[in-house]
């Protein structure tokens, strides 16, 4: 792979939200620290195979500043070789996690991780006067998951703009060191996810882990961390997947609980909380929450459950803090004020989908008794695929099961597929907001493959044996242009 780092002064402004999303408008926090340099880097090119959705780690030097100093802001993205940002419904950054391998290792807390983002592209900004200490000798790595939603290959660059104050700049003398604390509802997993099912929770929302049944299997909670020394919380912003509404941070002390911040998902998506067309709110620059040694930080995540199921969801907040006792006590002072957006609407989210019919209506196809497993080959569901010229769907009687088998290179850096229920006819054009896992009767196979997370550990899956008679449509969550149907007879 070739390697290129670009360093220079950046100019530009954030895109303005569309009129359809006016309700999501909010002031964006844009800080400017004294003495800051605006540096731009890119890692790659990264070769993306057709349909790829695997977790990978940087296998070459990660570009970074060449001198010691302080990092005060980071803004992530991915770009094609020509510099364009690809549409989110084509290829996107499912997640990127930047780690400093020279930092103290703490697998339970992610102490070496100093920045993370998903396709919502949350920007990290520290308040004026604070910075993440950086040494030019620090070895960096990136854990990334690039999701190719198509059957085409790509070469992309992971880009990250850094606001940086060199150690020899006069302004550096006034900077107080800040450290990151990784707060995660499924802390400690390489793929920290949970499922949110349509209709679960109460009043159309579901909060994890609070409303889950034994989410940690009798083990200590993964969403908590005990404060190791008196500190001031400086800032945070949340990470959610589509369907997510907000992440919440709490402080527990001697039997008392204080809510200190809600990182809200502000959707520009016209259809609501169903896509990556979203920006998370971050804390205001003057947040400054005092915590004491022995306090417990706790995080949870809330999703909408009226519209659809949300498989492989996340709830993460990287909390920045500094040593000291100069903050506001959350048990005597209200500190949970509404946050500020980290960015506006992004143009790569403009293809929402779901308005025009793009595929035949499989509810009109002729049922044909199933005679064996249904192979998934070349991004096609075999019998029952909506693109099939035969216009037939497989049929089983109630109590029988259909078996699907992924034949599309399901091992190593392969191609994973899912069979996920969607509301019939489920045949409109693909976009970031369509199709959805919105069927009244739900089922999902997971990502069929045997390559560790995020795969399900199997290449085959059977439909539930208790499906009542009826016609069922489904799609692939990883490649949503794939659609199919089957019939259950009496």
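The values are calculated or read from the model by the stated rules, or taken from the named source; none is laboratory data. Predicted model only: the values in this text are computed from it and were never measured. Here Cβ is always computed from backbone atoms with ideal geometry, including for glycine, and neighbour counts include all displayed protein chains.
Residue 326 meets the conditions (1) modelled with pLDDT under 95; (2) not in a loop (DSSP other than H, G, I, E, B) in every case but one. The failed one is (2). The set of residues from segment 143-160 being closer than 25 Å to residue 222 by Cα and buried (at least 18 other Cβ atoms within 10 Å of the Cβ) comprises 144, 145. On the stretch given as segment 240-254, residues that are in contact (Cβ under 8 Å) with a residue 12 or more places away in the chain and either closer than 26 Å to residue 331 by Cα or more than 16 Å from the chain's Cα centre (by Cα) (or both) total 9. Of 67, 46, all but one fail to be assigned to a strand (DSSP E or B), modelled with pLDDT of 95 or more and out of contact with any helix residue (DSSP H, G or I) (no Cβ under 8 Å at 6 or more places or on another chain); the exception is 46. Sort out which residues of segment 270-296 are assigned to a strand (DSSP E or B) and surrounded by fewer than 24 Cβ atoms within 10 Å (Cβ to Cβ), and write them in order of number. Within segment 270-296, 290, 296 qualify. Identification of strands (runs of 3 or more DSSP E) wholly contained in segment 83-183 with 2 or more residues that are assigned by TED's automatic domain parsing to the domain that holds residue 38, within 29 Å of residue 478 (Cβ to Cβ) and touching a residue at least 12 places away in the same chain (Cβ under 8 Å) yields 91-100, 113-118, 140-148, 154-166. Checked across segment 14-33, the condition of being buried (at least 16 other Cβ atoms within 10 Å of the Cβ) and at pLDDT 85 or above holds for at least one residue. Inspection of segment 353-371 finds no residue satisfying the criterion of being on the phi < 0 side of the Ramachandran plot, surrounded by 17 or more Cβ atoms within 10 Å (Cβ to Cβ) and within 18 Å of the chain's Cα centre (by Cα). The set of residues in segment 411-428 being under 23 Å from the mean Cα position of the chain (by Cα) and under 24 Å from residue 88 (Cα atoms) consists of 413, 414, 415, 416, 417, 418, 419, 420, 421, 422. Just one of the listed residues (463, 383) is closer than 20 Å to residue 370 by Cα and modelled with pLDDT under 95, and it is 383. Applying the criterion of being assigned to a loop (DSSP other than H, G, I, E, B) and under 21 Å from the mean Cα position of the chain (by Cα) to the residues of segment 217-237, the residue that is surrounded by the fewest Cβ atoms within 10 Å (Cβ to Cβ) is 222. Among the residues of segment 397-410, those that are in contact with a strand residue (DSSP E or B) (Cβ under 7 Å, 6 or more places away or on another chain), in a loop (DSSP other than H, G, I, E, B) and over 14 Å from residue 487 (Cα atoms) comprise 407, 408, 410. Are any of the residues in segment 163-178 at pLDDT 95 or above, surrounded by 23 or more Cβ atoms within 10 Å (Cβ to Cβ) and under 19 Å from residue 93 (Cα atoms)? The answer is no, given that none of the residues of segment 163-178 is at pLDDT 95 or above, surrounded by 23 or more Cβ atoms within 10 Å (Cβ to Cβ) and under 19 Å from residue 93 (Cα atoms).
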